[in-house]
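The values are calculated or read from the model by the stated rules, or taken from the named source; none is laboratory data. These numbers were taken from a predicted model, which means no experiment stands behind them. All Cβ positions, glycine included, derive from the backbone under ideal geometry; neighbour counts span all protein chains shown. Each accessible area value is taken on the protein alone, full model and side chains, heavy atoms only, with ligands, DNA and RNA left out. Shrake-Rupley method; radii C 1.70, N 1.55, O 1.52, S 1.80 Å.
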Amino acid sequence: MKIEHVLILVAMELEAKPFVEHLNLEEIADFFPSHMPFVAFSGEHHATKVTVVTLGKDSVYGTGVDNVGTVTASMATELALAKYGGSVDLVLNAGTCGGFKRKGAEIADVFLTTGVANHDRRIPIPGFDAYGIGKLVTMDPTTMAEKLGYKTGICTSGNSLDKTDKDDEIMKNNDASFKDMEAAAVAWVASMNKVPYLGLKVVTDIVDGEFPTQDEFMANLGAAATSLQSALPKVLTYVCDESSNHDGAKSDL
Ligand code: SAH
């Protein structure tokens with residue numbers, strides 16, 4: 001089936017801005033309920049309809065603070081999918097991440113997700129333990145990654161930018177190549193809606209490296225957003241061209 005409409009969920013304004021400007025996307029007024037902070041932009045890339053959703057700023061903690069994490073990401077994804085009533089063919093979660101050196105990650109690498117898991121949902125009761133980790137295998141991007149020169153791996157999500165020793169243990173068990181704060185939530189909402197999910201994340205910091213995450217993150221955020229701006233159109237073009245070339249492309253790219 002041809003992919004004609006892609007919903008791109010990007011948590012932070014700074015991450016989304018270069019791409020939104022590059023594609024000349026226009027902000028859609030009144031897209032979300034007025035009490036919600038999320039922001040939507042739409043436009044086209046070649047013949048594909050593109051909607052970008054960012055999580056907006058927090059109304060309590062100041063205009064400089066973006067909403068991030070699983071709660072806001074899942075809510076924005078669901079509201080956007082519901083608003084479009086089934087016309088979205090692919091949910092693409094784009095943004096920044098922390099990469100694991102032990103899995104070959106380097107600053108500014110572009111990763112496509114093969115699957116997602118959680119590392120901050122610890123429920124040590126049989127059955128609930130695996131539910132907490134919540135592994136999801138998402139669409140296989142291996143061929144696309146080889147063609148575009150990107151890396152692939154599992155993204156592990158949690159609601160903290162930093163990590164505890166227990167997080168470390170679980171992230172290792174999750175076989176994660178990179179960590180973020182939204183992917184597992186967005187992928188879950190996509191799966192509930194039976195819409196394929198693809199994650200595209202650029203490495204801003206090395207989790208198992210020598211520098212504090214927050215310092216590395218802030219130093220590399222601008223460069224990562226520029227890298228997203230160039231990677232996103234390439235991935236969109238690939239996904240949309242491939243899906244029009246053969247059946248079944250939506251689950252295997
Ligand atoms: N100090 C930053 C906070 C951003 S939160 C600021 O105010 O600008 C981090 C965001 O980047 C989240 O959306 C998350 O998905 C992503 N991210 C980047 N590196 C990460 C890491 N090492 N761990 C978790 N999330 C990370």
Counting only protein heavy atoms and a 1.4 Å probe, tell me what percentage of region 181-247's accessible area is made up of carbon and sulfur.
54 percent
Would you mind checking 83/163; 2/83; 135/166; 17/135; 17/179; 166/201 for any pair whose Cα atoms are more than 28 angstrom apart?
83/163; 17/135
Identify the GluC sites (Glu not before Pro) of region 142-223 meeting these criteria: DSSP loop state and at most 15 other C-beta atoms within 10 Å of the C-beta.
210
Looking at the chain, what % of its DSSP beta bridges pair antiparallel, to the nearest 5?
35 percent
Solvent-accessible area per residue for the chain at a 1.4 Å probe radius, Å²?
46 Å²
Hey, what D do you get for region 1-133 in µm²/s if you plug the Kirkwood alpha-carbon radius into Stokes-Einstein at 10 °C and 1.306 mPa s?
95 µm²/s
Starting from the Cα gyration tensor of region 155-225, take the square roots of the eigenvalues, sort them a ≥ b ≥ c, and report rounded, prolate or oblate (rounded when a/c is under 1.5, otherwise prolate if a/b is larger than b/c, else oblate).
oblate
Taking R0 as 22 Å and r as the Cβ-Cβ distance between residue 210 and residue 172, the FRET efficiency 1/(1 + (r/R0)^6), rounded to the nearest 0.05, comes to 0.75
Projecting the Cα atoms of 164, 238, 22 onto the charge dipole of the chain, where Lys and Arg contribute +1 and Asp and Glu -1 at Cβ, the residue farthest towards the positive end is 238
Leaving out ligands, DNA and RNA, and with a 1.4 Å probe, what % of the accessible surface on region 12-123 is carbon or sulfur?
53 percent
Using DSSP, restrict attention to beta bridges with both residues in region 115-196 and report what percent are antiparallel, rounded to the nearest 5.
20 percent
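Just need the Rg to Rh number for region 1-52, please, alpha carbons only, Kirkwood Rh. Kindly include the intermediate steps, with their values, before the conclusion.
Details: Rg = 11.5 Å, Rh = 11.7 Å.
With Rh from the inverse mean 1/r over Cα pairs, Rg/Rh is 0.98.
Residues with beta-carbon under 11 Å from that of residue 107, excluding residue 107: net charge, scoring Lys, Arg +1 and Asp, Glu -1?
-3
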Binning every alpha carbon pair distance of region 103-213 at 10 Å from zero, what are the percents per bin?
15, 46, 31, 7, 0
Taking the Cα atoms of the chain, what is the range of coordinates along each of the three principal axes, in descending order and whole Å?
46, 44, 38
Cα-centred dipole magnitude for the chain, charges only on beta-carbon of K, R (+1) and D, E (-1), debye, nearest 20:
460 debye
Theoretical ellipticity at 222 nm over the chain - DSSP helices of four or more residues, -39500 (n - 2.57) apiece, nearest 500
-11000 deg cm²/dmol
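Just flag the GluC sites (Glu not before Pro) in region 1-110 sitting in loop per DSSP whose Cβ has no more than 14 other Cβ atoms within 10 Å.
Of the GluC sites (Glu not before Pro), the ones in loops of region 1-110 whose Cβ has at most 14 other Cβ atoms within 10 Å are 106.
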By its C-alpha gyration tensor, with a ≥ b ≥ c as the square roots of the eigenvalues, how is region 55-150 shaped: rounded for a/c under 1.5, else prolate for a/b larger than b/c, else oblate?
rounded
Quick one: longest stretch of the chain between exposed loop trypsin sites (Lys or Arg not before Pro), exposed meaning at most 13 other C-beta atoms within 10 Å and loop per DSSP?
1-121
Taking amide H positions as placed in the peptide plane 1.01 Å from N, state which residues far from residue 67 in sequence (5 or more) or on other chains have amide H under 5 Å from it.
56, 57, 58
Charge tally for neighbours of residue 226 with beta carbon under 15 Å away, counting Lys, Arg as +1 and Asp, Glu as -1, is -1
What figure in square angstrom, to the nearest 10, would you give for the accessible area of residue 240 with a 1.4 Å probe?
10 Å²
